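Notes for the one structure printed next.
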Amino acid sequence: MIIPLNGSWTLRAVAGPVPHGVSGRPILATVPGTVHTDLLAAGLIPDPFDGDNESLLAWIGLSSWEYTREFHVDLGAAERHDLVCEGLDTVTGITVNGAVVGRTANQHRTYRFDLRGLLNDGANRISVRFESAVEYASRMEAVYGALPHTNQHPFNSIRKTASNFGWDWGIDAVTAGIWRDIWVDSWSGVRVTRLAVTPDLLGTTGRLSVVAEFEQTGEESVELTVATGQASSMVSVKPRSVSASLTLEVPDVTPWWPAGYGDQVLHDVAVSLRAGKVVDAHTRRVGFRCVTVTTTPDEHGTPFELAVNGRPVLVRGANWIPDDAFVPRVTPDRYLTRLTDAIEANINLLRVWGGGVYEDTAFYEFCDEHGLLVWQDFMFACAAYTEREPLRTEVEEEAIDAIIRLSPHPSLVIWNGNNENIWGYVDWGWRQVLEGRTWGDGYYTRLLPDLVRSLDGTRAYTAGSPFSFDRYIHPNDPSHGTTHIWDVWNSRDYTGYADYAPRFVAEFGFQGPPAWSTLTRVVHDEPLDAHGSQMLVHQKASDGNAKLQRGYLPHFPEPKSIEDWHWTAQLNQAHAVRFGIERFRSLFPLNSGMIVWQLNDNWPVISWSAVDYDGHRKPLWYAMKQGYAPRLATIQDGPDAPQVILLNDTDEGIDGRMHLRRLDLHGRLLAEATETVRVEPRDSTRVPLPEALRFENAGDEVLVCDLPGYERAVRYSGEVREQSLIPDAFSVLVERGDGELRVVVLASAVVRDLWLAADQLSPAATVTTGLIHLLPGEVHAFTVTGPVAEVAADDVVAALWCANQLIRDQPGCRVAPGESPEGAHPLTTTT
């Protein structure tokens, strides 16, 4: 019997620099939750994300807190009553009826405490007291000795979400609270303490490996039974036994496939313990598939090639961070929305990054159901971690919990030991600081792989990311294993991606601001400025906005307004990442995948994300969707001449006539050619660009490639700042429908990167398409949904942006403001 303890609790501050209005005051709290969200709900603090409230509210993370509530137990209903805590954040002392039950120091694991002798028959009182995680981490750093880490706080001295202490995209809002479910488990006889259910596929036979650990209140013989569909298996367990295992084979099983390869067939598995009758029962949902990652050296270095059910999978991925700095606010509906963002961007794998959390089960269930693959980091990031006690035991228990909880999910295909720690040890000056002390290598090369091997032998394990799979090769060598590319963004222009020929890119990206409505909701500088004080609170990267400027100036003119700055920075982010995606995909089969940094945000911030915290899809999202299209046409510089590369990441070959055109910016045809092409399934074709199609005018030409079954490929002869794009190159028709707007754009000259910023019409509005290139005479219709029925047509036009607008009043622009070239039509609105 389960006695839930979720719901209403009472919260009090018990120590620390607590303001007068909060100190000693009873506060209604909600579990699961955090102190921050409870204070916010009580009206005792402003929104932590707004303005400069981050520093104003730093006292919360420096304080200690107590959660209390009453609960009722019928002692006669069961022999045992255990307190189960799925998530305590982080350092706690727990009492029941004034007696100490236990202590915790790990946000990432489940704790269970025996309440025998502590409970009353009827009313009981529980208290969970949270010590400041900042203070605890500093105290443990003094015990372990200072070890290298990024950012301000010694997050590597505590088992807690690393990014909770601030990151180069994340708010420093150190949380405390009961962040996952908590309950009293009343039971008798025998119960399962740990249950590992691991699916695998051998040929056409599904295999379930089940390991159960249990405890008993008596000395009964028990039976462990596992069943799925018509298949079942049972093993008898002798009295006083503490574990049992069995294997169930399911013949002629339908495999589980990633999206784009087949169906996501899932099977319900029932596991029960019987002692004359069923005394404990559990269910899991699994899919049968086999996973391999090939890292055998070849003539080019060391590949990193993922295969599912024997079929290679080219990874089109994104890195995932916690979707809210206050993780309990990430509901199943929010998971659904954000993971749909991933699927609709043609992403086929998410990497759960090691500075966050092991996500809620709802995350993995969605991925199972939709064929979205998961690369799962263990929670280590950008720091050296001691292998001394008590941290080592916490790491081991945490890893066991994570492996057992996540192993049933067929979407999970890779376990990864850490993020950038091996690279840090080799390259970031750690060795001289460590002076021979442990730094985590024992976790990544012994403890974690041993646990994965023993508890889940069906998935690949990699010691770190990046990783070269050879201790004598630099861990971030692009020719070997996985690589992270960060000189591009930090110090190099995005065209530097062309200098790389990586086997697999596990991180790369470029920054851009969030949607205008998201940014202005939390930044209130007067006037709004790229280097304003509150703007910089919401830019966490070192020298971030200066890097943004250095990043866009080679490609765009200097913005004339804050609105132009916002659009320029967003568009440059989209261009940068799409350039990298198309470069890396063009290297197939040398390159077997890439994972963009990053899909999402955990608060409103200027960052690398494709979707901002408020859920707005940035221009980058549309560029990523285009670059990750299963069928991609891209125009790349070849060793001797430009070439069109046609990639086909589908199971069907394609034949067609490819139409190539070279035009000027007024749409005048300069040259054209037609090629008959064939692209085999899961393959690519390279077509050299005919001589006549090669650019002659350094700035003012465009090359267009059209092929049925592919989105149009476009390449310009120069950067936006170098081109004489026509500022007023389109007219607009606004049509109103039932709950939506249809915005029809007719081009009179080449329109580069047409974008409708739907959030500028309403923060709740969405738009279907983005980053559109139009030739003269072509039409594109945007569909905008949301509360936009009363939006004026002029406001719709004001929300339309394109690269053409950025060259107005710039040196080299041959068209004066308000002047139209021959054949063009000034921008107009019609309702």
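The values are calculated or read from the model by the stated rules, or taken from the named source; none is laboratory data. Just so it is clear, the model here is predicted, and its values are computed rather than measured. All Cβ positions, glycine included, derive from the backbone under ideal geometry; neighbour counts span all protein chains shown. Note: accessible area is taken over every heavy atom of the protein model, side chains too, but ligands, DNA and RNA are not part of it. Shrake-Rupley method; radii C 1.70, N 1.55, O 1.52, S 1.80 Å.
The packing ranking, built from the mean of other Cβ atoms within 10 Å per residue, places the peptides 275-286, 739-750 in the order 739-750, 275-286, highest first.
Normalised by the number of residues in region 634-721, the average gap of Cα pairs under 8 Å and 6 or more apart makes the relative contact order 31 percent.
Which FRET efficiency, nearest 0.05, do W428 and E526 yield, Cβ-Cβ r, R0 45 Å?
Numbers: r = 40 Å, r/R0 = 0.89.
My answer for the efficiency is 0.65.
The dipole here belongs to region 720-796: it is taken about the Cα centre, uses +1 on the Cβ of Lys and Arg and -1 on the Cβ of Asp and Glu, and is about 200 debye.
Overall, the accessible surface of region 305-424 at a probe of 1.4 angstrom is composed of carbon and sulfur to the extent of 52 percent.
The phi-based Karplus calculation (6.51 cos²θ - 1.76 cosθ + 1.60; θ = phi - 60°) puts the 3J(HN,Hα) values of region 588-598 at 3, x, 4, 9, 10, x, 8, 10, 5, 9, 8 Hz, whole numbers, x for Gly and Pro. List the trypsin sites (Lys or Arg not before Pro) within region 57-129 that DSSP assigns to loop and that have no more than 12 neighbouring Cβ atoms inside 10 Å. Passing sites in region 57-129 are R116. Amide H contacts for T768 (H built 1.01 Å from N in the peptide plane; partners 5 or more residues away or on another chain; cut-off under 5 Å): T783.
Pick out, in residue order, every one of the trypsin sites (Lys or Arg not before Pro) in region 461-559 that is DSSP loop and has at most 15 other C-beta atoms within 10 Å; say none if there are none. Walk me through the numbers on the way to the answer.
Values: sites: R471, R492, R503, R521, K540, K547, R550; in loops: R471, R503, K540.
Passing both the DSSP loop test and the Cβ count: R471.
Look at the dipole of the chain built from charges on Cβ: of Y111, W755, W597, the Cα furthest out on the positive end belongs to Y111. Its relative contact order, with pairs defined as Cα atoms under 8 Å and 6+ residues apart, puts the chain at 9 percent.
Per DSSP H run of at least 4 residues, take -39500 (n - 2.57); add these up for the chain, divide by its residues and hand me the 222 nm value, nearest 500 deg cm²/dmol. If you can, show how the numbers build up before the last one.
Numbers: 16 runs with 147 residues, N = 831.
Helix contribution divided over all residues of the chain: -5000 deg cm²/dmol.
Scan region 308-416 for trypsin sites (Lys or Arg not before Pro) in coil per DSSP, keeping those whose Cβ has at most 16 other Cβ atoms within 10 Å, and list them by number. Each step should come with its number before you reach the end.
Details: sites: R316, R329, R334, R338, R351, R388, R392, R405; in loops: R388.
Counting only loop positions with at most 16 other Cβ atoms within 10 Å, the trypsin sites (Lys or Arg not before Pro) in region 308-416 are R388.
Specify the inter-centroid distance of region 446-488 and region 565-583, based on alpha-carbon positions, in whole Å. Their Cα centres are 29 Å away from one another. Restricting attention to the chain, close to 85% of DSSP beta bridges with both partner residues there are antiparallel.
Percent relative contact order of region 282-412, based on C-alpha pairs within less than 8 angstrom and at least six residues apart?
On the way: 153 pairs, mean separation 31.6, N = 131.
The normalised contact order for region 282-412 reaches 24 percent.
Computed from backbone phi, the HN-Hα couplings of region 125-136 come to 10, 10, 10, 10, 9, 9, 7, 4, 5, 5, 5, 5 Hz, rounded to whole numbers (Karplus: 6.51 cos²θ - 1.76 cosθ + 1.60, θ = phi - 60°; Gly and Pro given as x).
Ranking H538, S717, N418 by how far each Cα lies toward the positive end of the dipole of the chain (charges on Cβ) leaves N418 at the top.
Calculate, for the chain, the solvent-accessible area per residue in square angstrom, rolling a 1.4 angstrom probe over the heavy atoms of the protein chains. Could the numbers behind the result be given before it?
On the way: 30660 Å² over 831 residues.
About 37 Å² of surface per residue is accessible.
For the chain, the longest principal axis of the Cα atoms and the long axis of helix 332-344 meet at an angle of about 40 degrees. Peptide packing for 587-599, 135-147 was compared via the average number of neighbouring C-beta atoms within 10 Å per residue; ordered from the highest value, the list is 587-599, 135-147.
Choose one of G21, V84, F49: the residue whose Cα lies farthest towards the positive end of the charge dipole of region 1-86 (beta-carbon charges +1 Lys, Arg; -1 Asp, Glu; about the Cα centre). The one lying farthest along the dipole's positive direction is G21.
Treat every Asp and Glu Cβ in the chain as -1 and every Lys and Arg Cβ as +1, leave all other atoms uncharged, and give the resulting dipole magnitude about the Cα centre to the nearest 20 debye.
On the way: 69 positive and 108 negative charges, 284 e Å.
In debye, rounded to 20, the chain gives about 1360.
For region 656-723, the share of accessible area belonging to carbon and sulfur comes to 44 percent (1.4 Å probe, ligands and nucleic acids excluded).
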